[in-house]
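Chemist: Sharing a structure with you now.
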């Protein structure tokens, strides 16, 4: 059986979709895992009762830290990567 990761998800988003990211974060953290799955081994480790400790890159990174090191460490310590995209996130032509 695997061990649960430090962060269940790593949530990446741009400022343009911050409200969606906040909504998704709250929704995921309040989601109740079906009882028959809790404690079983899943792709990212042991399935917990709640999807707690979701890393939101815009909120969790210290201002004075080497961001590339911090992001790599958080990604390594996360079970899943969620990227929120929208047309407003695309680069200008």
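Bear in mind that the values in this text are calculations on the coordinates, not laboratory data. Bear in mind that the values here come from a model prediction, so they are computed numbers and not experimental data. As a convention, Cβ positions derive from the backbone with ideal geometry for all residues, glycine included, and neighbour counts pool all protein chains shown.
Chemist: Can you give me the convex hull volume of the Cα atoms of segment 1-43, divided per residue and expressed in Å³?
Modeler: 82 Å³
Chemist: Can you sort 7, 31, 80 so the residue with the fewest Cβ neighbours within 10 Å comes first?
Modeler: 31, 80, 7
Chemist: Percent antiparallel among DSSP beta bridges with both residues in segment 7-86, to the nearest 5?
Modeler: The antiparallel proportion sits near 25 percent.
Chemist: Sort 25, 36 so that the residue with the fewest other Cβ atoms within 10 Å of its own Cβ comes first and the one with the most comes last.
Modeler: 36, 25
Chemist: Something else about it: If I model segment 7-86 as equal point scatterers sitting on the Cα atoms and use the Debye formula, what is log10 I(q)/I(0) at q = 0.16, 0.21 Å⁻¹?
Modeler: -0.64, -0.99
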